[in-house]
């Protein structure tokens, strides 16, 4: 009876150790095709709103299936005093994991926005406009957040591969 109990405890300990494996996002994920742009939010009370967006591909370069990957972005202004965070995105779940070698298209938008009575393209042309940068952060499960990439937010409304409105 004691031998069976020891085997059961050893098996449970091993299963717990495997299940609680720590992840390293910098080693297990690869960032590609980073694109930045601005989106137009709905006008409110005579004000037009624009928010920065980052879009990228996130590839699983590990040998493990990743079932809990999250991404977020940080949008610091050039003076670093103004920093906008983003809405956190769930990239994978246990129902839709990222298998080894697979990638996902991820879009993360800022929670902060510029606003003005000017038309959105004119907001980007304003002399008072400050170009933010972007930092892409990811984590796997309960791992620490890791910065996977960074860039500058381009001064353009809409994704580069998007057709302008009214164009057939």
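Once you have a ≥ b ≥ c as the square roots of the Cα gyration tensor eigenvalues for region 23-152, tell me rounded if a/c is under 1.5, and otherwise prolate or oblate according to whether a/b is larger than b/c.
prolate
Could you tell me the distance between the Cα centroids of region 91-143 and region 19-56, to the nearest Å?
Centre-to-centre (Cα) distance: 2 Å.
Hey, with R₀ at 25 Å, roughly what FRET efficiency would residue 131 and residue 30 work out to, going by the Cβ-Cβ distance, to 0.05?
Efficiency, rounded to the nearest 0.05: 0.40.
Values in this text are rule-based calculations from the coordinates and carry no lab data. These figures come from a predicted structure and were not determined experimentally. Neighbour counts are summed over all protein chains in view; Cβ atoms, including those assigned to glycine, are modelled from backbone coordinates with ideal geometry.
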